[in-house]
Every structure is written in structure tokens, then in C-alpha cells.
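One structure is given below, encoded as C-alpha cells.
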Amino acid sequence: MGGTERGYVNDAFESNWIAPLGPNVNGFESDIESFIQSNVHAAALSSGTGAIHLALQILGVGKGDEVLCQSFTFSASANPIVYLGAEPVFIDSESYTWNMSPKLLEDAIEHRIKHYKKPKAIIAVHLYGMPYQVDEINQIAEKYDIPVIEDSAEALGSIYKGEKCGSLAAISILSFNGNKIITTSGGGALLSKNKDHIAQAIHLSTQARDNAPHYQHSKIGYNYRMSNVLAGIGRGQMEVLQERVDARRSNYSFYKDSLGDLPGIKFLQEPAQTYSNRWLSCILTPSFEIREKIRLELQAENIESRPLWKPMHLQPIFKDRLNYSDGTSEDLFNRGLCLPSGSNLTKEDLLRVVSIIKNIIK
Ligand SMILES: *Cc1c(COP(=O)(O)O)cnc(C)c1O
């Protein structure tokens, strides 16, 4: 926590706004809007997963529809497609940003149009805070007139060509889960420049109650709105967001300066006009064996590290779904490792990690 969260939470207690609405919810939404800019409006929700679920519904995804989803991601990007009875179609990554390959995306669209029907939406992810190739993905999306959902769960604070992640698609989502760059313990947001999308998100997230004096419903709704208590935490966290980004970026620089010259160790570089929040610092090692050696030796020193996300097309639950892949994310998964990346790591912590890796690679 940054320190001021408790004040906002106390306000909620003192005013007795202990509900999924209230001044902190409104305040948190306007804090997010002023941070993201670009005329984006926000709806604060109970999770990023819920935000994706609502985004898909707002874009009209339903039973039998196909949704093109980045394969190299956390399962929460894809699960809501299945909640709706729709079909995920997984798209592999390119090695430049580790995110959705524009080429494979277009191949998949052409192929699905030819053999089934036009996919209903695209879910692209700024994995580990690194912006995907937004211009290229948006050009393809426009060419075929398919809306994009921008999964910005890991990328709050990242920037692409002067615009904040969270403002780069028809609908964007954020997560404030405990492991993200800032947190409300659990929480999320749906963002859009289209006010009608936000009105729909708020309606659906509050049980889809019609405007009537009694309880009346014309649609199936959800209980997905954010608590006013947790939004208080969010307001305090927004005040330290840039500090957190600076801390994460400085972890990355430290690792890169210390390990970047070791044979075979590679880092994901920022492309021109791109600013990553460096949510996690990741390395690519020469082989699965070396990756595991590093991971296990860190573990022996009680230091947690973790392989990169296991691609969705390789997950047991999704193995029978369609995928358009060329081995890129599978290779990243086999050789990549997320190093300790917390915003509160000390220089000594970082030095311990670095010296263990140097001993293995030297
Ligand atoms: C964390 C995360 C989500 C889900 O957010 P929750 O708030 O945990 O539901 C979605 N996509 C990605 C890429 C994530 O990392």
C-alpha cells in the first residue's frame, strides 16, 4: 500500500457507504479516466475477468460465435469466451513484443471466414505490460470490421505512441487483482470511449435492473460492480501508480545491466515509441534445461521465479480448440523465466538474484 488508501477506506466507513456504489467508486472511476485520458470512460468492476465477460456481451458475442484470442496469456483472457458458449480460437505471438502476431491473426480471420463465419471479436493482450503491435492489429480489425478487446490487465501505466494502454481499442479492461501493478485486493474496470458501452457495463454488472419502482429485469445480469470500500483502496493506489511503474522499470534496468551481457540471456526490448510498465521482468534463456536450472537454484535459495505463461493452445482444457500457431509462444514458454519483480524489492534482493544466475551462466 502507498499510505493514503486507509483515509479513503475510513471515509467509506464513516459515511456508511459499505456497498457496491458510493463516492469512492465514482472517485476511482474519475481517477482512472484522468490517468488514461483520450476521452475514455470507466466502469469499476469486481474483477478483470468480469470486465472481459461484460465486454464480450456488449460486443454481441453469444453461443456459436468465434472469438480470436491471444494464446500467450493468462487463462482469464479466454475463459469468459467459454462462459458465453462461444468458441475461443487461439492466435500465437510474434517474437518482437511476445504478443498477438498480426500475420497469424489475418491468416486466422481469412480461414475462419472461408470455413465457418466471420469471428465476432479479437482479444489482444499487452502481456507483462509490453504493448502489442496496436497499429497492425487495429488495421486488420478495421479491414475485416471486427472489434478488439484490449486486455490491459497487466499494462496499466504502459504507453503506445503517446496513448495510454487502456485507450487503444473498442473496449479495454484493467485488473486490480492482488498481483497487479496496483491493487484493490480484487477488482477490475471496463473502459471505452463509447458512453453507451459504459452504461451497458454498469447495467449488466448491477443485476440488469430495469428502470421501474419494483424489481424488474429484461436481461440476465451479474453482480460485478466494485465495492465502495475496495474503490477506496484503488483511489489511494492511483496516487502511487507512477512510483510503482518507476520501481518496476528500475528492476528491469538492473537485471538488464547485470545480466544482459551473459551468453544466451535475452531481454524483451521496448520497440520505438513504446513505454512498458515492466510489470514483470522476464528473461529468455538458451534452453529449457538452463531455464529450469536457474529456477531451481533460485528456489533452493527461497527465491520465487516462474516460467512465462503457458500458452492457451497447450492447456489441457483448451487443447481441442482451434489455434493458429507457429511455435513462438511454445518456445517462449520453454525458455523464459519471470524474475522477482515486486515494486518493493531492495538492491540486495536484486543482487542475490543476479549473483545466482551469473554463477550458473558464467
Ligand atoms: C490478471 C489478468 C486478468 C484477470 O484479471 P482479474 O482481475 O484477476 O480477474 C486477465 N488478463 C490478464 C492478462 C491478466 O493478467
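Observations
- Averaging Cα coordinates gives a centre for the range 134-153 and one for the range 179-251; these two points are 23 Å apart.
- A 1.4 Å probe run over the range 1-131, with the rest of the protein chains in place, finds 38 Å² accessible per residue.
- Inter-label distance for Lys118 and Asp135, nm, one decimal - labels placed 7 Å from Cα along Cα-to-Cβ: 2.5 nm
- Debye-sum result for the range 1-155 in log10 I(q)/I(0), which assumes one identical scatterer on each alpha carbon, at q = 0.13, 0.19 Å⁻¹: -0.68, -1.17
- Antiparallel bridge percentage (DSSP; both residues within the chain; nearest 5): 60 percent
- With contributions of -39500 (n - 2.57) from each DSSP H run of at least four residues, the per-residue ellipticity at 222 nm computed over the chain stands at -12500 deg cm²/dmol.
- Unit charges at the beta carbon, dipole of the chain: most positive-side option, Leu350, Leu241, Thr328: Thr328
- Computed lengthening from Ser355 to Ala199, 0.36 nm per intervening residue step minus Cα-Cα distance: 50.9 nm
- Over the C-alpha trace of the chain, radius of gyration and Dmax come out as 20.8, 72 angstrom.
- Restricting the range 20-115 to trypsin sites (Lys or Arg not before Pro) in coil, as DSSP defines it, with at most 13 other Cβ within 10 Å: Lys63
- Take the Cβ atoms of Glu297 and Asp320, set R0 to 45 Å, and the FRET efficiency comes out at 0.75.
- GNM flexibility winner over the chain from Gly27, Gly64, Gly234 (Cα, springs under 10 Å): Gly64
- Annotation for the range 108-155: chymotrypsin sites (Phe, Trp or Tyr not before Pro) lying in DSSP loop with at most 16 further Cβ atoms inside 10 Å of their Cβ are Tyr116.
- Protein accessible area in the range 5-238, 1.4 Å probe - carbon and sulfur %: 50 percent
- Largest GNM mean-square fluctuation across Ser101, Ser305, Ser71, computed for the chain with C-alpha springs under 10 Å, falls on Ser305.
- Whole-percent carbon and sulfur share, accessible surface of the range 241-361, 1.4 Å: 48 percent
- Computed E for Asp210/Asn26 - FRET, C-beta separation, R0 25 angstrom, nearest 0.05: 0.65
- Note on the range 252-300 and the range 52-123: Cα centroid distance 29 Å, given to the nearest whole angstrom.
- Computed from the C-beta positions of Glu239 and Glu142 and an R0 of 41 Å, the FRET efficiency is 0.65 to the nearest 0.05.
- For the range 288-341, the list of GluC sites (Glu not before Pro) that fall in a loop by DSSP and count at most 14 other C-beta atoms within 10 angstrom reads Glu301, Glu304.
- Nearby lysines by direct alpha-carbon distance to Lys219 (threshold 27 angstrom, same-chain neighbours under 8 apart not counted): Lys63, Lys117, Lys118, Lys120, Lys193, Lys195
- Residue among Arg248, Arg278, Arg352 with the largest mean-square fluctuation in a Gaussian network model of the chain, springs linking Cα atoms under 10 Å: Arg352
- Accessible surface area normalised per residue over the range 241-361 is 51 Å², counting heavy atoms of protein chains with a 1.4 Å rolling probe.
- Peptides ranked, highest mean first, by Cβ atoms within 10 Å: ranges 179-189, 150-160: 150-160, 179-189
The values are calculated or read from the model by the stated rules, or taken from the named source; none is laboratory data. Keep in mind the model is a prediction, meaning the values are calculated, not measured. A quick note on method: Cβ atoms are made from the backbone with ideal geometry, for glycine too, and the neighbour counts reach across all protein chains shown. Each accessible area value is taken on the protein alone, full model and side chains, heavy atoms only, with ligands, DNA and RNA left out. Shrake-Rupley method; radii C 1.70, N 1.55, O 1.52, S 1.80 Å.
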